Amino acid sequence: MEIQAFAKLNLTLDVLGKRPDGYHDLRMVMQSITLCDTLTLTPNQGQGLRVSTDLHFLPTGEKNLAAIAARRFWEALGCPAEDLDICIRKRIPVCAGMAGGSTDAAAVLRALNQRAGSPLTPAELARVGEQVGSDVPYCVLGGTALAEGRGERLTPLPTLPRCWVVVCKPEFAISTPELFARIDSVRLRCRPDTDGLLSALEEGDLGGAARRMYNVFEDVLPPRQRDRVGELKNALIQAGALGANMSGTGPTAFGLFDCPEAAEEARAVLAENCRDTFLCQTV
Ligand code: C5P
């Protein structure tokens, strides 16, 4: 069985406050894009659950989120674990703010559920995903959605009008827990207009949605990294993007375009000084 696991982008990301359980209450608009990993699930003969990837530095076996998701799925159904090989071909950059690990886990949940004849509804499957990671419930559902709470309270939204997305992952990685810790120590000066973006989606107004994109984490990046993300966003706007933003806890920057030719030109320009640059569509 071969399945695709789509990357996510944050059109907005707001942190509302720290919770007693150590997590943060968030409010964010999420969007899945065609940039994806490919997972192959193959039953094996008595070898247990095995996970492998084509990136040597990623965890394999039981430590990979894909394996944890499989275990949680079988537990939720109350059935014994299967002998299964999960092979992941990575295309989504790692530690990039695009939910690469979470979307692989979500794809495993969807695949196992489908293979079992869909015993769990999408909402039940998302709840299983919650035990694996905060972004997994959204990745189970995909599309355009508002995510609140830890990230598990999901409201499907009108689909973002057709557009082209240029995604650019700078050469450094960012630690998510570290950035959450940084945000606790500052007073946020600027917040996204999430309600304005929701109205723009209701009206099918791509430009209005693109102009309202904002992510509070950009403000707490270490200075050099903030400059680099700002530089990429400026380059996207210069190249004709209707709006540009950073995704998740970064450092990926992306821009939305209403014209495929302009988007391809932007991809080519940005790829000159950023190797991980992709032209995608929403999904
Ligand atoms: O849930 P997940 O394991 O993906 O979260 C990774 C880290 O991100 C957590 O350990 C926590 O530091 C931070 N986080 C948070 N609040 C959220 C989601 C994630 O503080 N809503």
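The values are calculated or read from the model by the stated rules, or taken from the named source; none is laboratory data. Because the structure is a prediction, the values reported are computed rather than measured. FYI the Cβ positions are ideal-geometry reconstructions off the backbone, even for glycines, and counts take in every protein chain you see.
The table that follows gives values for the structure above.
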| quantity | calculated |
| --- | --- |
| Check on Pro192, surrounded by fewer than 20 Cβ atoms within 10 Å (Cβ to Cβ) and more than 14 Å from the ligand (Cβ to nearest atom) | no |
| Search result, residues across segment 1-50 that are away from the ligand (no atom under 11 Å from the Cβ) and among the basic types (Lys, Arg) | Lys8, Arg50 |
| Matching residues in segment 237-262 - criterion: being out of contact with any helix residue (DSSP H, G or I) (no Cβ under 6 Å at 6 or more places or on another chain), over 15 Å from Ala7 (Cβ atoms) and either modelled with pLDDT under 95 or surrounded by 24 or more Cβ atoms within 10 Å (Cβ to Cβ) (or both) | Ala241 |
| Qualifying residues in segment 68-96 (those that are under 22 Å from Gln31 (Cα atoms) and out of contact with any strand residue (DSSP E or B) (no Cβ under 7 Å at 6 or more places or on another chain)) - the one surrounded by the fewest Cβ atoms within 10 Å (Cβ to Cβ) | Val94 |
| Enumeration of residues in segment 192-211 that are outside any helix (DSSP H, G or I) and closer than 18 Å to Arg27 by Cβ | Pro192, Asp193 |
| Residue that is nearest to Gly133 (Cα to Cα), among those in segment 58-78 that are part of a loop (DSSP other than H, G, I, E, B) and without any contact (Cβ under 8 Å) to a residue 12 or more places away in the chain | Pro59 |
| Residue within segment 173-180 that is over 17 Å from Arg27 (Cα atoms), in contact with a helix residue (DSSP H, G or I) (Cβ under 9 Å, 6 or more places away or on another chain) and crowded, with 19+ Cβ neighbours inside 10 Å present | yes |
| Selection from segment 62-110 of residues that are at pLDDT below 95 and touching a Ser or Thr at 6+ places or on another chain (Cβ under 8 Å) | Cys95 |
| Subset of segment 109-155 [away from the ligand (no atom under 16 Å from the Cβ), buried (at least 16 other Cβ atoms within 10 Å of the Cβ) and under 20 Å from Pro80 (Cβ atoms)] | Ala111, Leu112, Asn113, Leu120, Leu125 |
| Qualifying residues in segment 172-187 (those that are part of a loop (DSSP other than H, G, I, E, B) and closer than 16 Å to Gly248 by Cα) - the one farthest from the ligand (Cβ to nearest atom) | Phe172 |
